[in-house]
Amino acid sequence: MQTSQQISHKTGGAFDVTVGHLTDLWRRAYRKQSLPVAEALQAALEKTEYRLYELNEAERTVTFLKNDLQLDLGGIAKGYAADEAMSVLKTHGIKSALIDASGDIVVSAAPPEKEAWIIAVAPLRKSDNDPEVYLKLVNCSVATSGDASRYVEIDGVRYSHIVNPETGLGLTTPSSVTIIAQTGITADALASAISVMGPKTGFCVLKKEHAEGYVVIGGKEKPEVFQTEGFPEY
């Protein structure tokens, strides 16, 4: 929750764990293959705001400043879990390991007799072809967010499972966002945030967080590729 709050402030709310009511609406939308009712969407938006909760570190409590807020930690919990799993391995003297939490990956030292872990970046769309981008990673984390697998098509429009906290709508521009950061919790949350923000604004955040990004945005023609200055080094 502390990291969630910090990243929400740094991204201007592009990452927000108070989206629980919105994600509930979109889960129903997936099942029914129909958009959320406008009134329900507006009601959910009024209960979505990262400034509406406070943390007390000493008492380890979360206080809602508005009734009926609902948290959804789906954009950060896997990265946190992977970090914690790696921490457990290290306490047992395991220096070389890879933790994969459904695509949120944390790695420590390279495998024996190797220089790094080789991680393939999934393409914008599911494909039978081999990936085109591979990363060589040690002692860091990588996470990818996109709509290749989780989306719904309604009235000819493709909506991602990633919801924009400002509009309450699933993203409609096809994209794949890969983030390399020191920790899994940071990579996981920033991948979601940059999906909402886009590369132009999002890369400014990555620079401040000493993270790297690789973004593919689909269109009618050839997809556009954006990457931070340090990304090719991987």
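Taken together, the values in this text are just the output of simple stated rules run on the coordinates, not laboratory data. Just so we're clear, the structure is a prediction, and the values are computed from it rather than from any experiment. Because the Cβ atoms are built from the backbone with ideal geometry, glycine has one as well, and the counts that use them run over all protein chains shown.
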By average C-beta atoms within 10 angstrom, highest first, the peptides 110-117, 38-45: 38-45, 110-117
Where does each of Arg60, Arg27 land when they are ranked from fewest to most other beta-carbon atoms within 10 angstrom? Arg60, Arg27
Tell me which label goes with the value of log10 I(q)/I(0) by the Debye sum over Cα atoms at q = 0.08, 0.13, 0.16 Å⁻¹ computed from the coordinates here: (1) -0.31, -0.81, -1.18; (2) -0.47, -0.89, -1.14; (3) -0.26, -0.71, -1.11. (1)
Reachable aspartates and glutamates from Lys207, criterion Cα separation under 12 angstrom, eight or more residues apart if same chain: Glu229
Please report His9, His92, His161 as a ranked list, fewest other C-beta atoms within 10 angstrom at the top and most at the bottom. His92, His9, His161
Built amide H within the under 5 Å cut-off of Val133, gap 5+: Val121
Note: Val62 to Glu46 extended length (0.36 nm per residue) minus current alpha-carbon separation gives 3.8 nm
Sort Ile118, Ile162 so the one with the fewest other Cβ atoms within 10 Å of its own Cβ comes first. Ile118, Ile162
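May I ask you to compute the full-extension gain from Ala120 to His9, defined as 0.36 nm times their residue separation minus their alpha-carbon distance, rounded to one decimal in nm?
On the way: separation 111, 0.36 × 111 = 39.96 nm, distance 3.10 nm.
Gain on stretching Ala120 to His9: 36.9 nm.
Rounded to the nearest 0.05, what FRET efficiency do Asp100 and Thr201 have when you use their Cβ-Cβ distance and R0 = 41 Å? Could the numbers behind the result be given before it?
Values: r = 29 Å, r/R0 = 0.72.
The calculated FRET efficiency here is 0.90.
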To the nearest 500 deg cm²/dmol, what mean residue ellipticity at 222 nm is calculated for the chain from DSSP H runs of n ≥ 4 alone, each contributing -39,500 (n - 2.57), summed and divided by the residues? -9000 deg cm²/dmol
At what distance in angstrom do the alpha carbon centres of region 182-234 and region 1-36 lie from each other? 19 Å
What lysines sit close enough to Lys95 to cross-link, taking a C-alpha to C-alpha distance under 26 Å and skipping anything fewer than 8 places away on the same chain? Lys78, Lys114, Lys136
